[in-house]
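The values are calculated or read from the model by the stated rules, or taken from the named source; none is laboratory data. Quick caveat, the model's predicted, so the values are computed rather than measured. Positions of Cβ are generated from backbone atoms using ideal geometry, with glycine treated the same way; all protein chains shown enter the neighbour counts.
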Amino acid sequence: MTIADYNSLFSLVKTPELFGRYITNFHIEKCLEKLPKSSISVIGQSVEKRPIYSLKFGKGSTKVLLWSQMHGNESTTTKALFDCFRLFGTSTALSNLILESCTLFVIPILNPDGAQRYTRFNANNLDLNRDAQDLSQPESKVLRTAYTDFKPDYCFNLHGQRTLYNVGHTNVSATLSFLSPSQDQERQLTPNRKQAMAIIAEIKDLLQIELPNGIARYDDGFNLNCVGDTFQNFGVPTLLYEAGHYPNDYNREVVRRFMFIALLKGLTVISNGVETSGYSKYLAIPENGKKFYDIIIRNVKENGASDKIVDIAFQYVERLCNGKIEFVPVVDSISKLDGFYGHREINAKGYVVAVAKNKVLKVTNEIDFVFINNEKIALKPLNN
C-alpha cells in the first residue's frame, strides 16, 4: 500500500468524537458504545476507581499488545487507535490482513486518572513508566497482568512527546519518534531488538514520503524501571511510538493521521512477517535533539541597554481549563539563542519588546501578547 492509500483510509474512518489534546474515559466511552460489545472488557481500575478498558480484535496467531496514555496527557495515539478500531470494522484488504494474521489486545487509556487531570502522572503522582519493577500502582499491575495473561509476541508502547524535540542537529521538528528499547545495560542488539528495529525502519521508509526529515529515534539508554525496557528484557520485541509536533498542529490532528499510518504499517509488517535484515536502517535514523522553543523573538533590544541585542524564547505550558487545553506562553529564556529554533520566529529588528502595563518581561512570566514598534503581537498558537 502507498501512503496515499493509507491517507484515503484515514479520511474514511477518522473518529469524529475525538478531537484535540484532552481525551479521557468520558470521551472514549462515547466511541466504545459504537463498537462491538464482545470486543470490550474492563480489566481493572485506577487509583480513583475509574475503569481501565481493553479491546480485542482479530483471530490470528501473532499476538500484539498495545497500550496508550500511560501518561495521561499523551493522547494523540489514543485518537489514532480509535481511528484504527473503526477501520477494523470494515472489510478492507488491510483490515482483513491484520485481523486474520494477528490478535490485538489494546488498552486505550491505561492512566484514566492522569487523563482526567491532564497530567503525566497517576492519582498518586507517580510515573507509571518508572514502575515496571516495583509494580506499586494498580495501573501498573493491570498492564503487567494483561502482558502475563495475553503472552504477546510484540508490544507497542504508545506515547506523546513535547514540542522541544528536533531531528538530530537540524531545524526540523521531530514529528514522530521511535525506539527499540534496550534490554540490558550493554544495549546489545538482540534478535528481538532487531525485530523491533526492522519494523520501525519500514514505518520510517513509508512515512518519509510526507515527513522526509521529520522522524527521529530516542536514545536507548537502559532503565529496567521503564515498561518498554522490561518487556524487551523479557524477550518480546517492543516498539516505543512517540507522537510529536508538526508545524502549527498544537491539537495534534495532523500528527494523529501520521500515527494512524504508523500503527497500521507496523501491524502490516508483523502480519507479512518481519525481515530482520533491514534493522540497520533503524540505526541510521537521527536521534532526538532538544533545540526547539514554541516561539523565539529574535534581535530584541534589551531594556535599559543601548546596544545589547538578545533573543526571547517562549515555551507553552499546557493547562486544563474548562475541559479544554489552553496553551499559555511562558518566558523560558532571554539570551542569545543561536543554535536553537522556534516553531514560530518573530524578528524584532532591533526594537524593544514591550508587554502589557504593569508587567515585566522576565523568565517564568506568562505573557499572552507583546508590542514591537507599537504593533501588538499575540503569542498563543495561531490555530487554537
- Note on the structure: By residue number, the members of region 162-184 that are among the small types (Gly, Ala, Ser) and more than 10 Å from the chain's Cα centre (by Cα) are 168, 173, 174, 180, 182
- Query: Scanning region 255-304 for residues that are outside any helix (DSSP H, G or I), exposed (fewer than 13 other Cβ atoms within 10 Å of the Cβ) and of a type outside the set (D, E, K, R), which turns out farthest from the chain's Cα centre (by Cα)?
  - Reply: 304
- Item | Test for residue 173: is it closer than 30 Å to residue 296 by Cβ and small (Gly, Ala, Ser) | yes
- Task: List the strands (runs of 3 or more DSSP E) that sit entirely inside region 305-348 and contain at least 3 residues that are hydrophobic (A, V, I, L, M, F, W, C), touching a Ser or Thr at 6+ places or on another chain (Cβ under 8 Å) and surrounded by 12 or more Cβ atoms within 10 Å (Cβ to Cβ).
- Result: 309-321
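Would you please name the residue that is surrounded by the fewest Cβ atoms within 10 Å (Cβ to Cβ), looking only at residues in region 155-166 that are closer than 29 Å to residue 235 by Cα and out of contact with any helix residue (DSSP H, G or I) (no Cβ under 6 Å at 6 or more places or on another chain)? Talk me through it step by step, then tell me what you get.
Quick first cut of region 155-166, residues closer than 29 Å to residue 235 by Cα only: 155-161.
Okay, now just the ones that are also out of contact with any helix residue (DSSP H, G or I) (no Cβ under 6 Å at 6 or more places or on another chain), so 156, 159, 161.
Numbers: 156: 27, 159: 22, 161: 20.
Across region 155-166, the extreme among qualifying residues is 161.
Have a look at 307, 294 and point out the one that is at pLDDT below 95 and among the acidic types (Asp, Glu). Spell out the reasoning first.
Values: 294 fails: at pLDDT below 95.
Of the residues listed, the single one that is at pLDDT below 95 and among the acidic types (Asp, Glu) is 307.
A quick yes/no check of all residues on (1) surrounded by 21 or more Cβ atoms within 10 Å (Cβ to Cβ); (2) touching a residue at least 12 places away in the same chain (Cβ under 8 Å):
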| site | (1), (2) |
| --- | --- |
| 141 | no, yes |
| 148 | no, no |
| 195 | yes, yes |
| 212 | no, no |
| 217 | yes, yes |
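A quick yes/no check of all residues on (1) at pLDDT below 95; (2) buried (at least 19 other Cβ atoms within 10 Å of the Cβ); (3) in contact with an Asp or Glu (Cβ under 8 Å, 6 or more places away or on another chain):
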| residue | (1), (2), (3) |
| --- | --- |
| 1 | yes, no, no |
| 16 | no, no, no |
| 40 | no, no, no |
| 47 | no, no, yes |
| 50 | no, yes, yes |
| 57 | no, yes, no |
| 66 | no, yes, no |
| 85 | no, yes, no |
- For region 18-38, enumerate the residues that are of a type outside the set (S, T, N, Q) and surrounded by 15 or more Cβ atoms within 10 Å (Cβ to Cβ). 18, 19, 20, 21, 22, 23, 27, 28, 31, 32, 35
- By residue number, the members of region 18-68 that are over 18 Å from residue 90 (Cβ atoms) and among the charged types (D, E, K, R) are 21, 29, 30, 33, 37, 48, 49, 50, 63
- Message: Just the residues that are of a type in the set (A, V, I, L, M, F, W, C), part of a loop (DSSP other than H, G, I, E, B) and surrounded by 13 or more Cβ atoms within 10 Å (Cβ to Cβ), please, taken from region 361-384.
- Response: 361, 367, 379
